[in-house]
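Report on the following structure.
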Amino acid sequence: MSAEHNFAKYDRGVFEYILDNIPDSITIVDMEGRVIFFNSTAEEYFGVLKRDILNKDVKEFFPNAILPRVLDSRMPFYNIYNSPRENSFVVASAVPLSDDKGNMIGALARDRDITEIVRLSELLNKTQANLLNLEKEYSKISSSGEAYFSKIISNNAGFIQTINLCKNISKSPLNILLKGESGTGKELFAKAIHYESGRKGKFIPINCSAIPRELFESELFGYEDGAFTGAKTEGKKGKFEEAEGGTLFLDEIGDMPMELQPKLLRILEEGFVTRIGGNRQRKIDVRIISATNKDIRTLIDEDKFRRDLYYRLDVFQVNIPPLRERKGDIVLLSNKFIQEFCMEQGINIIEIPDEILNIFSEYNWEGNVRELRNVIQRSVIYASQDGKNKIEKGFLPHYMQNIKVNEISKVINTDEINQYESGLDEYIEKIERLIIQKTLEELNFNKAEAARRLKIPRATLYYKIEKYGIEDSGRKDYNGKN
């Protein structure tokens, strides 16, 4: 008897033995949601015996399990904070399972038990706050920009090129001007560039539009003891000195007072800063990253910005596109924000139905990524407050609730092609599935009429319905036929 035959005979037992000895819970379900494998670790985690759960609907035992979501969406979920049953907390990942022909045959979930951690955290009442603080501190002390660049995600080829460009110029000493609308993430880019640069000093941000004109000079350059009434007796460092060896981020540079611009230019040219009320020049090594949502050249023409300062700041310019120009990223960002916010608040992951994502894709997002994050957080709070496990239209801001979805733009979005492993072929299948689904719904699932409208044989329609897992809602046409 060949070795291959021996393996074929005993492979199920071998794999079950391996999975039983994995320290994480493993659950596998078929396309109906019935449990077909449940390892020994899962029995210990959840206090459920294999013989009780096998061949049963997973939702009978775990009403909040993410496996049904994987079956419905045919998409994987990773590192989800979940409570599959009362008083049980896990970090879960679940993925679709496919046969060698690419047909989905079920789903697998891996759960890592954190119940004891959550219980201890509840006693201390600091779990999520501590995790967030640790993450922030790690990002601050990280010598690599990966902690920040990894937060800038996209499927848009042009935007990915912008990210890579910023990585490449990070280690240069060049001053950089970031141009983009409010909310596009200019400060996030600036931080990523700073930490990727490897500079030893701090990242010091200053918003030029938020500081009163009379305080701007002292904030930027600092002051000596007794420089003016109310000054600290020991004097005060300015932002330039604080950023020594690091990066000074001048946000909204177009709003810098005109009378201060010659002083900033002198510092950039000479490399020295002098505090207000003093005469000692301090040598500085500071890289300048500035940002604006205004057209600086127009401000120059209006005598509101110095041309020579502009050329000092705009050694290398990076344009950050608005969200409406990369709408293929809306789904990606929405899922990222919802997972982060739910984890932060310690609640189960709230689902974003396609209806809501279609509205998001249609909306113009004048507030860009910041507005999207705010809408997600608001909607999650409303959903959690109402005991819902998904975002509903009524949870959105009023100005978004009456948006009409353009069916063509909903179906065809070329930015999404990058999300599919096999590229165009898989994306075309997605569009085909949507067309068949919509046609069947319009014809009350009259398959004969749907085949005629689509101009394909009925047998081909039946094959595609089965291939794509299109559900027959049970509605009947006027002749009583499905």
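The table below gives the values:
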| item | result |
| --- | --- |
| Test: residue in the stretch 179-188 that is at pLDDT below 90, crowded, with 16+ Cβ neighbours inside 10 Å and either farther than 30 Å from W365 by Cβ or not aliphatic (A, V, I, L, M) (or both) | no |
| When residues of the stretch 385-407 are limited to those that are touching a residue at least 24 places away in the same chain (Cβ under 8 Å) and surrounded by 17 or more Cβ atoms within 10 Å (Cβ to Cβ), the one nearest to I80 (Cα to Cα) | I391 |
| All helices (runs of 4 or more DSSP H) inside the stretch 258-329 with 2 or more residues being farther than 26 Å from E242 by Cα | 296-301 |
| Matching residues, the stretch 190-219, being under 29 Å from the mean Cα position of the chain (by Cα) and among the hydrophobic types (A, V, I, L, M, F, W, C) | A190, A192, I193, F203, I204, I206, C208, A210 |
| Any hit, the stretch 24-44, residues being modelled with pLDDT under 85 and either aromatic (F, W, Y) or under 30 Å from the mean Cα position of the chain (by Cα) (or both) | no |
| Where G346 falls short, out of the listed (1) out of contact with any Lys or Arg (no Cβ under 9 Å at 6 or more places or on another chain); (2) at pLDDT below 90; (3) farther than 25 Å from L67 by Cβ | (3) |
| Strands (runs of 3 or more DSSP E) within the stretch 32-111 that include 3 or more residues within 30 Å of F341 (Cα to Cα) | 77-85, 88-98 |
| Failed criterion for Y420 (all others in (1) crowded, with 16+ Cβ neighbours inside 10 Å; (2) modelled with pLDDT under 90 hold) | (1) |
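The values are calculated or read from the model by the stated rules, or taken from the named source; none is laboratory data. Bear in mind the structure is a predicted one, so any value in this text is a computation, not a measurement. Note that each Cβ is placed from the backbone with ideal geometry, even for glycine, and that neighbours are counted across all protein chains shown.
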